[in-house]
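The values are calculated or read from the model by the stated rules, or taken from the named source; none is laboratory data. It should be emphasised that the depicted structure is a prediction, and the values quoted were computed from it without experimental measurement. Cβ: placed from backbone, ideal geometry, glycine included. Neighbour counts: every protein chain shown. What goes into the accessible areas is simple: the full protein's heavy atoms, side chains included, and nothing from ligands, DNA or RNA. Shrake-Rupley method; radii C 1.70, N 1.55, O 1.52, S 1.80 Å.
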Amino acid sequence: MASASLFIGDSVLADPSSQWKRMPQIKPIMGSWFEFIHGGSAEGKYWNPALPKFTEAQWKAKIKEISETGMQYLVLMAVANEGKTYYPSKLAPQHEYACSDPLEAILSAADECGIKFFVSNDFWGDWNSVSNMMTNKDVAKLREDSMAEIAEKYSHHKSFYGWYYPNETGIWNQFEDIAVNYVNRCTKVARELMPHSVNLIAPYGTLSTRLDGDKYAKQLEKLDIDIVAYQDEIGVKKTKAGKAGKYFEELYKVHAMVGRSRLWADMEVFKFEGPVYKSALLPADFSRILKQMEDISPYVEHILIYQYEGMMNKPGSTAFCGHPSSTKLYTDYMNWLKAQR
């Protein structure tokens, strides 16, 4: 049958998905981070140049492309950066993009595709200075004013599912009070503006967690957040594929005991072209990514990735952004996904 084969000229190739066996124990990728630009110019080498040139139609096409993979959630990294916004605002000047309102474009496309967006509430200060971003009163005022402005302009979109607080909350043994206070203040404002919003953070430092005492549980209990999507830290080489599961298993136990926040994963699907943090991000091999998925699947509700943009592109995409090898990762993942159905 044609549906079970790929035809190239007069030859017939076996369905590529046939190389994969069904793996019901492995959860599929349910979502991704999403950017208007990548904050590190070296890391974003292969997709940053394309994004400011995207038209409204291309932003919408990229959302549709992502939805075709079965992903249901997108996490917007930033609504502002370097003193400028990615949407028309009264609070600051806007970055010059080919699309006059990229935020409107992606939310309207997500409405049509059934995607749920966690919309960022930052970066209104220097994103490299996380502590200052969490404690600076002037930054907090801008952040909260922008949340009110964004809610007024965009909360009518059914795709506006909740908020993402992108100041990466580092975990050094456990959540520190500075992080708890920052998250709880953001959530207070979020719920005042959108009472039914579902809100998310994605902390790093997963491998430094100390769960043998009760302090981690007590700090987690204080944290007013709906979802914690812990970074698996494979791409940044803090650990190797197949090793992070033991950390997620312990986190699963603590979250179950506390009953406070849902446990998701922020799984890294990239590798570095050269030195870590100082070179371009490239798509990792799917064999490595599959091992990551298998490792953490038993312990998380959903797997999100950092990230589709730049790391994956549908062949022939009208909104291509990233390294040419991104089409291979897309194809390899989709062939595996097809075999699971």
Query - Net charge contributed by nearby residues that have their C-beta within less than 13 Å of GLN340 (K/R +1, D/E -1) - result: +4
Query raised in the report: What does the accessible area of LEU251 come to, in Å² to the nearest 10, when a probe of 1.4 Å is used?
Result: 0
Report task. State the answer as a single residue: which of GLN174, VAL300, SER279 lies farthest towards the positive end of the charge dipole of the chain, with beta carbon charges of +1 for Lys and Arg and -1 for Asp and Glu, about the Cα centre. Result -> VAL300
Query raised in the report: Counting Lys +1, Arg +1, Asp -1, Glu -1, what net charge surrounds GLU82 among other residues with beta carbon under 13 Å of its beta carbon?
Result: -2
Report summary line: Loop-resident chymotrypsin sites (Phe, Trp or Tyr not before Pro) in the stretch 233-341 with no more than 12 other Cβ atoms inside 10 Å, DSSP not H/G/I/E/B, are TYR277
Query raised in the report: So who's got an amide H within less than 5 Å of the one on GLN307, skipping anything under 5 residues away but keeping other chains? H placed 1.01 Å off N, in plane.
Result: VAL269
**Report entry** Listed residue (ALA78, GLN94, MET23) projecting farthest to the positive dipole end of the stretch 10-104, Cβ model
**Finding:** MET23
Query raised in the report: Taking the Cα centre of the chain as the origin, how large is its charge dipole in debye, to the nearest 20, when only Lys and Arg (+1) and Asp and Glu (-1) carry charge on their Cβ atoms?
Result: 640
Requested in this report: Would you please classify the overall shape of the stretch 251-341 from the alpha carbon gyration tensor, given that a ≥ b ≥ c denote the square roots of the eigenvalues, rounded means a/c under 1.5, and beyond that prolate means a/b larger than b/c while oblate covers the rest?
Outcome: prolate
Query - Probe 1.4 Å, protein heavy atoms only - accessible area per residue of the chain in square angstrom - result: 44
Query raised in the report: Roughly to the nearest percent, how much of the accessible area of the chain is carbon and sulfur, given a 1.4 Å probe?
Result: 52
Report summary line: What helix-only [θ] at 222 nm does the chain give? Using -39500 (n - 2.57) per DSSP H run of at least 4, over all residues, to the nearest 500, the answer is -10500 deg cm²/dmol
Requested in this report: Would you work out which of CYS113, ALA217, ALA140 lies farthest towards the positive end of the dipole of the chain, given +1 charges on the beta-carbon of Lys and Arg and -1 on that of Asp and Glu, about the Cα centre?
Outcome: ALA217
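Over 26 Å between Cα atoms: which of LYS45/LYS141; LYS238/LYS291; LYS62/LYS158; LYS158/LYS238; LYS21/LYS238; LYS60/LYS278 fall into that group?
Among LYS45/LYS141; LYS238/LYS291; LYS62/LYS158; LYS158/LYS238; LYS21/LYS238; LYS60/LYS278, the Cα-Cα distance tops 26 Å for LYS45/LYS141; LYS158/LYS238; LYS21/LYS238; LYS60/LYS278.
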